[in-house]
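Inspection log for the structure reproduced underneath, given as structure tokens.
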Amino acid sequence: MDLQQLEERSREMRASILRSVAAAGSGHPGGSLSCIDVLCALYFGGVLHHDPANPDDPARDRFVMSKGHAAPALYAALAHSGYFPVDELLTLRKLGTRLQGHPDCQLLPGVEVSTGSLGQGLSIAAGMAAGLRLDGSDATVFTLMGDGECQEGQVWEAAMFAAHQGLDNLVAVIDRNELQIDGFTADVCDPGDLAQKLASFGWAVSEVDGHDIAAVLDALTHAKAARAGRPSAIVAHTVKGKGVSFMENQAGWHGKAPNAEQLACALNELGFDDSMEA
């Protein structure tokens, strides 16, 4: 896809996120909207080697959604990629659905690992990267983390392990929207300068506007190709609730579904009608 097509796809996935969460009556729109441009660049920009027709291809790149509560964003990326029908997005969190509130790798193709307990995704991704290297695979492992989960000690144990092992087939992206369920990360437990911290752990680090798809694509492409004997991290500066004015930078939209009126307003801002077609 060219840049214009990527931006349009990202807009479509934002609408899918909103419709699915509204249909469920629960979910996490804020952090899903903040990271969707990163997922758009990853899945549709030619970075992630994957095949919806063959989701278990041994040569595929792996993606771990560490911030599992942003499942609506992952589901939107997978559905629009062709892993399952787009209209299935409206079954989010319904009884018997494959689209659980947090990703379940036993139910849905394209989901590499079940996630939800924050702070664990980087450890899982590092383990995958180490295993792939032992297997002689050229595949890359990507993981998307929240900045709030970087308050977890396990994140830094994994960061130390990955650098010590020289896992240059590992790329971590931090969705730095500066908000978590209880408010601003700086007020809850300030994680500080995450780029500087990761660099001090021996990672190759870059920072980027997480809503500039061209810049995100460039950062992801460079990180995947680097293979310089150390893991790579991208700190993506984002806005929680990006694209919907009344959700932006509001901690209250971390885990709340829009009502019908709010959904119509949000979709109108994105240039869509208020139909419930995912």
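The values are calculated or read from the model by the stated rules, or taken from the named source; none is laboratory data. Owing to the predicted nature of the structure, the values given are computational and were not obtained by experimental measurement. All Cβ positions, even for glycine, are placed from backbone atoms using ideal geometry, and neighbour counts span all protein chains on display. We work out accessible area using only protein heavy atoms, side chains counted, and drop any ligands, DNA or RNA first. Shrake-Rupley method; radii C 1.70, N 1.55, O 1.52, S 1.80 Å.
Summary table
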read-out: Subset of segment 219-255 (residues that are among the basic types (Lys, Arg) and on the phi > 0 side of the Ramachandran plot); value: Arg227
read-out: Positions within segment 141-169 being within 12 Å of Ala233 (Cβ to Cβ), under 18 Å from the mean Cα position of the chain (by Cα) and assigned to a helix (DSSP H, G or I), in sequence order; value: Cys150, Val155
read-out: Total residues in segment 258-268, condition under 16 Å from Ser10 (Cα atoms) and either open to solvent by 80 Å² or more (accessible area, probe 1.4 Å) or more than 25 Å from the chain's Cα centre (by Cα) (or both); value: 1
read-out: Matching option when the condition is over 14 Å from Gly31 (Cβ atoms) and touching a Phe, Trp or Tyr at 6+ places or on another chain (Cβ under 9 Å), among Leu170, Leu194, Leu198; value: Leu170
read-out: Residue count for segment 218-245, restricted to those that are over 14 Å from Ile36 (Cα atoms), open to solvent by less than 50 Å² (accessible area, probe 1.4 Å) and not in a helix (DSSP H, G or I); value: 6
read-out: Residue list for segment 63-120, filter: among the small types (Gly, Ala, Ser) and under 25 Å from Glu8 (Cα atoms); value: Gly68, Ala70, Ala71, Ala73, Ala76, Ala77, Ala79, Ser81, Gly82, Gly110
read-out: Whichever residue in segment 204-217 is out of contact with any Lys or Arg (no Cβ under 8 Å at 6 or more places or on another chain) and in a strand (DSSP E or B) and, among such residues, is most open to solvent (accessible area, probe 1.4 Å); value: Glu207
read-out: Residues satisfying the stated conditions in segment 170-200, i.e. in contact (Cβ under 8 Å) with a residue 60 or more places away in the chain, in contact with a helix residue (DSSP H, G or I) (Cβ under 6 Å, 6 or more places away or on another chain) and either in a helix (DSSP H, G or I) or not hydrophobic (A, V, I, L, M, F, W, C) (or both); value: Asp175, Asn177, Glu178, Gln180, Asp182, Gly183
read-out: Qualifying residue in segment 144-151 (condition: of a type outside the set (Phe, Trp, Tyr), open to solvent by 50 Å² or more (accessible area, probe 1.4 Å) and either under 16 Å from Val64 (Cβ atoms) or without any contact (Cβ under 8 Å) to a residue 12 or more places away in the chain (or both)); value: no
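Residues are listed down the side, and each one gets a yes or a no for (1) more than 17 Å from Lys240 (Cα to Cα); (2) open to solvent by less than 10 Å² (accessible area, probe 1.4 Å); (3) in contact with a strand residue (DSSP E or B) (Cβ under 7 Å, 6 or more places away or on another chain):
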| position | (1), (2), (3) |
| --- | --- |
| Ser10 | no, yes, no |
| Gly31 | no, yes, yes |
| Pro55 | yes, no, no |
| Leu74 | no, yes, yes |
| Tyr83 | yes, no, no |
| Leu89 | yes, yes, no |
